[in-house]
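The values are calculated or read from the model by the stated rules, or taken from the named source; none is laboratory data. Keep in mind that this is a model prediction, so the values were computed, not measured. When we count neighbours, we look across all protein chains shown, and the Cβ atoms used for this are built from the backbone with ideal geometry, even at glycine.
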Amino acid sequence: MITVTTKQEMQQLVIQHKSSGKSIGFVPTMGYLHEGHLTLVKEASKQNDIIIMSIFVNPLQFGPGEDYDSYPRNSARDKKLAKESGVDILFMPSPENMYNSQKSIGMTVLNRTDILCGVNRPGHFDGVVMVLSKLFNITMPDRAYFGLKDAQQFAVVSGLVEDLDFPIELIPIETVRESSGLAVSSRNVKLTTEERKQAPALYRSLQKAEDLIKEGVQDIDAIKGVVEDHMRSQMQAEIDYVEILSFPELAPVSIPNGKLIVAAAVKFSKARLIDNIIIEV
């Protein structure tokens, strides 16, 4: 595995590989790698000759008061896991290398952001599409891999690739879960012992919505109410949202029909957890 720290060197390596006819699979991450990230690498390895992983904690997607400085980081551990999982090139640029001191261009996401996590994180997805546009241009992948735990991000990135005509195939990968059902996340380390016991109830609550929809219940508000009641009975956490929307459009629905996402977010003392289930009705 080669570790690269500048975008200039990264581009040159990619050009060399592509001139040799090799396909590129790309896994963008913010590091503190876990099983979910490694699953993306595993899937990418099945379809591509060269696997590039980026580790970059993107300052543009953290708003005021958010956890950029305290976001978990462990470069030595990440390098070890990336190498063991089969990454060929690990791209670890600094913020100074990624961004000029004064930007000439900004990006604004117009759709799919006024719901779910986007409501309370203004500008977050603007930062996401800016960094991914840069990473896509730097790594020039044939395919890029994203976990569906953050389904809103996948929906936004789908719009980015379509609108800007990136010649990239986006590959969604199902959420990786612990045996309890809890979605694997870098932020799980911030849960207290008691909160970790309660956290799997988030997924179980979503499963209740899935069961009701499959049983033919048509009242969206009633379904959401069942989810919220189960959360309150099982977790000492603040409910941020519970939504049932079309996917990937993230538009409200009057009755369960078509491809849907049932999504929720809760806030524990030091960790905000998100989860979702995507179903076809």
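Couple of notes before you dig in:
- Count of the range 52-98 residues, restricted to those that are surrounded by fewer than 20 Cβ atoms within 10 Å (Cβ to Cβ), of a type in the set (Phe, Trp, Tyr) and either in contact (Cβ under 8 Å) with a residue 40 or more places away in the chain or not in a loop (DSSP other than H, G, I, E, B) (or both), is 3.
- Flag if THR108 is farther than 28 Å from LYS42 by Cα and loosely packed, with under 13 Cβ neighbours inside 10 Å: yes
- Residues of the range 223-258 satisfying the condition of being small (Gly, Ala, Ser) and buried (at least 18 other Cβ atoms within 10 Å of the Cβ): ALA237
- Evaluation of ASP114 against the conditions (1) touching a Pro at 6+ places or on another chain (Cβ under 9 Å); (2) within 21 Å of ASN276 (Cα to Cα); (3) surrounded by fewer than 20 Cβ atoms within 10 Å (Cβ to Cβ); (4) of a type outside the set (Phe, Trp, Tyr) shows that the sole unmet condition is (1).
- Residues that are in contact with a Leu (Cβ under 7 Å, 6 or more places away or on another chain) and surrounded by fewer than 23 Cβ atoms within 10 Å (Cβ to Cβ) within the range 134-146 comprise just one, PHE146.
- In the range 221-239, the residues that are farther than 13 Å from ALA201 by Cα and free of Cβ contacts under 8 Å to residues at least 12 places away in the same chain form Cβ pairs under 9 Å with partners that are part of a loop (DSSP other than H, G, I, E, B) and not basic (Lys, Arg), at six or more places apart or across chains, as follows: GLY225/ASP219.
- Residue selected from the range 259-279 under the condition at pLDDT 95 or above and surrounded by fewer than 16 Cβ atoms within 10 Å (Cβ to Cβ), by the criterion nearest to TYR203 (Cα to Cα): LYS267
- For the range 177-222, a tally of residues being buried (at least 17 other Cβ atoms within 10 Å of the Cβ), among the β-branched types (Val, Ile, Thr) and modelled with pLDDT of 95 or more returns 2.
- Residues satisfying the stated conditions in the range 162-176, i.e. part of a helix (DSSP H, G or I) and either touching a residue at least 60 places away in the same chain (Cβ under 8 Å) or buried (at least 19 other Cβ atoms within 10 Å of the Cβ) (or both): none
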